[in-house]
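For reference, the structure discussed in these notes is given below.
The values are calculated or read from the model by the stated rules, or taken from the named source; none is laboratory data. Because the structure is predicted, anything quoted here is derived from the model rather than measured. Cβ coordinates were reconstructed from backbone atoms using ideal geometry, including for glycine residues, and neighbour counts include every protein chain displayed. For the accessible areas, the whole protein counts, side chains as well, though only heavy atoms, and no ligand, DNA or RNA atoms are used. Shrake-Rupley method; radii C 1.70, N 1.55, O 1.52, S 1.80 Å.
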Amino acid sequence: MPTLQEEQLARIEENRAKARERLAARADAKAKEAANKDAEAVKTGSSGMEQNVRDASKKRPYDSIKPAKKFTNYIEYDFSKIKDSKGGFMPDDDTTRLPNGMTLEEWKQKQQRIVIEPQRAINPEDNPKCFECQSFDIDFEFFKVFTCTVCRACKAKFPEKYSLLTKTECREDYLLTDPELRDKELMPHLERPNPHKTTYNNMMLYLRYQIEEFAFKKWGGEEGLDNEFERRVALRKEKKDRKFADKLKQMRKRTRTETWNKRLDRAEHRHNWGPEARLANKGIAIRKCTECGMETEEIIF
């Protein structure tokens with residue numbers, strides 16, 4: 001007959017066997033669940049790749065999407081045709097879209113405002129010289145835009161001649177009109193991005209001595225320009241005074257109308273005529289109300 005200790009040991013072994021079976025069953029269930037998840041992930045990934053391939057194969061309407069006119073200073077790339085050169089992603093020449101049909105080098109020069117200086121002639125007399133110091137080191141940007149041969153040193157030395165004026169200054173100080181300033185043949189000018197806001201129109205800059213020459217020719221010299229400026233100032237002052245007088249007249253008229261309306265809103269007024277005053281040798285008698293001040297003239301026969 002087994003003892004109590006042997007029965008306890010047998011029960012312990014039985015419980016251990018059952019525990020091992022439960023652990024094995026639990027491990028098998030986890031393995032099956034992980035296998036199912038991997039299979040689902042593979043299916044989802046393959047379907048997503050197929051969807052991406054189908055989306056990439058579609059033609060995107062690049063031509064129908066156009067930027068605003070103020071934002072055309074950019075280069076557009078077709079990323080589907082860019083190749084990896086092992087030193088960066090370089091596009092083919094066909095994939096680069098430049099504004100106004102420019103080449104890449106022309107676009108870069110426009111963005112950086114680089115002025116390519118022409119080659120100098122072998123004969124020094126054939127090269128352009130500075131107006132002031134006869135130097136050959138002229139500013140080719142001024143020469144190209146304004147046909148003005150001046151070096152950078154003299155340009156900084158004589159700002160009263162070679163400084164740049166904005167269109168507003170030309171219009172207000174020299175009394176020039178917009179059509180005159182927009183004519184490139186009549187008034188050559190430089191264009192620069194507006195420093196106040198990028199979406200504003202480009203600034204138009206003019207050379208001071210060219211503006212002065214044109215303005216003096218238009219108004220008959222410096223004295224004529226000053227006389228025209230004073231005439232316009234006086235005209236503006238006269239117009240302002242006339243406008244003020246009209247407003248004051250309207251205000252008085254409105255006040256008088258309001259006064260009469262207030263009198264009409266009151267109770268009925270009965271005149272209290274004062275003594276009669278006769279004009280000598282005219283046969284006219286004048287009577288005046290003592291309350292409202294109304295006067296009447298009566299002819300005496």
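Can you find a residue in the range 194-201 that is closer than 15 Å to S163 by Cβ and either at pLDDT below 90 or assigned to a helix (DSSP H, G or I) (or both)? The answer is no, given that none of the residues of the range 194-201 is closer than 15 Å to S163 by Cβ and either at pLDDT below 90 or assigned to a helix (DSSP H, G or I) (or both). Of the residues making up the range 178-206, those that are surrounded by 13 or more Cβ atoms within 10 Å (Cβ to Cβ) and in contact with a helix residue (DSSP H, G or I) (Cβ under 9 Å, 6 or more places away or on another chain) are E180, L181, M187, P188, H189, L190, M203, M204, L205, Y206.
Each row is one residue, and each column tells you yes or no for (1) touching a Cys at 6+ places or on another chain (Cβ under 9 Å); (2) among the acidic types (D, E); (3) modelled with pLDDT under 90; (4) open to solvent by 30 Å² or more (accessible area, probe 1.4 Å).
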| residue | (1), (2), (3), (4) |
| --- | --- |
| F136 | yes, no, yes, yes |
| F140 | no, no, yes, no |
| L164 | no, no, no, yes |
| C170 | no, no, no, no |
| D173 | no, yes, no, yes |
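When you check L248 against the structure, is it in contact (Cβ under 8 Å) with a residue 12 or more places away in the chain and of a type outside the set (F, W, Y), yes or no? No; evaluated as a whole, the condition is false for this residue. Residues that are modelled with pLDDT under 90 and outside any helix (DSSP H, G or I) do occur in the range 256-267, at least one of them.
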